[in-house]
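Laboratory data are not the source of any read-out in this text; all were calculated from the coordinates shown. As the structure is a prediction and not an experimental result, all values here were calculated from the model. Ideal geometry is used to build each Cβ from the backbone, glycine not excepted, and the neighbour counts take in all protein chains shown.
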Amino acid sequence: MHVLSEDEKFLNSVKEKILERLSDEQLSVESLAEDIGMSRVQLYRKISGLTDISVNELIRKLRLQRAAQLLSQNWGPVSQVAYEVGFSNLSYFSKVFKEEFGVLPSEYSEKV
């Protein structure tokens, strides 16, 4: 049986908070820190110490993973998926999606 460390529990709770607010394009490091009850600096240090990525990168990664999941399920058009996961700028969404997965969002569902 695997027992979760305090760091793993913390990281899981941060991910849960992010996923709860995934479609909220106003989700930011500041609002996330407030939700968790930490200062922005504390949250940044803790997340980057545990994951080697910034809080913003973690939020973006979770948004992109959820977008990929929705696209693979043919959930809706790319624009609708982008808005669902909190991206209001479609060209930015396409750019970061391609950086993460190597294909444009419109091509993703054909690849999986």
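Axis angle, to the nearest 10 degrees, between helix 90-101 and the longest C-alpha principal axis of the chain: 70 degrees.
Applying a threshold of 26 Å to the alpha-carbon distances of 46/95; 9/111; 15/98; 15/95; 17/61; 17/46 flags 46/95; 9/111 as lying beyond it. Along the range 22-39 the Karplus relation, 6.51 cos²θ - 1.76 cosθ + 1.60 evaluated at θ = phi - 60°, assigns HN-Hα couplings of 4, 7, 7, 5, 7, 4, 9, 4, 4, 5, 5, 4, 5, 4, 8, x, 10, 7 Hz to successive residues, with x for each Gly and Pro. Per residue of the chain, the DSSP helices (runs of n ≥ 4 H) give a summed -39500 (n - 2.57) that works out to -21500 deg cm²/dmol at 222 nm. Between residue 25 and residue 42, full extension at 0.36 nm per residue minus the direct alpha carbon distance yields a gain of 3.9 nm.
By the count of neighbouring beta-carbon atoms within 10 Å, fewest first, 92, 108 end up ordered 92, 108.
Converting phi to 3J(HN,Hα) with the Karplus coefficients 6.51, -1.76 and 1.60 and the offset θ = phi - 60°, the range 54-66 yields 7, 4, 4, 5, 4, 4, 4, 4, 5, 5, 5, 4, 5 Hz in sequence order, with x at every glycine or proline.
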